[in-house]
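The values are calculated or read from the model by the stated rules, or taken from the named source; none is laboratory data. None of these values were measured; they are calculated from a predicted model. So basically every Cβ, Gly included, is an ideal-geometry build from the backbone, and we count neighbours across all protein chains shown.
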Amino acid sequence: MASSAPPSSGPGVQNPRRSMGLLANAMKRKDSFIQFFAMTGILLLSLRSLGQKYRIHDLQEDTSALIEERDTLTERMKNIKRDLLHEASLDPTGFLSSRLRLLYGEED
């Protein structure tokens with residue numbers, strides 16, 4: 001059987017083709033590592049920006065839903081107030097009607 005290792009390499013001699021450690025490789029290819037870290041930073045910033053974009057979109061949807069709910073509640077309050085005043089106006093003494101007008105701050 002033929003060995004793939006050169007015949008001169010013994011058990012105590014290290015293989016020159018052996019890969020370097022991470023720090024040694026980083027020092028040798030400093031520009032590539034700087035570019036890699038810069039591109040990674042740009043990617044992370046882009047992902048954060050994209051997340052904020054969708055977060056803003058969700059907040060705008062929530063705001064429009066809350067405005068619609070506020071308008072619905074305001075309309076319901078007006079209807080209740082109108083119905084109460086109508087029922088109070090049917091009272092022959094007028095006490096309930098005057099009391100409701102005081103509560104609602106209306107002048108008659």
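Of the conditions (1) in a helix (DSSP H, G or I); (2) within 30 Å of Tyr104 (Cβ to Cβ); (3) at pLDDT below 95, Ala65 satisfies every one except a single condition; which number is it?
Only one criterion in (1) in a helix (DSSP H, G or I); (2) within 30 Å of Tyr104 (Cβ to Cβ); (3) at pLDDT below 95 is unmet by Ala65, namely (3).
Would you be able to say whether some residue in region 31-39 is at pLDDT 85 or above, exposed (fewer than 10 other Cβ atoms within 10 Å of the Cβ) and β-branched (Val, Ile, Thr)?
no
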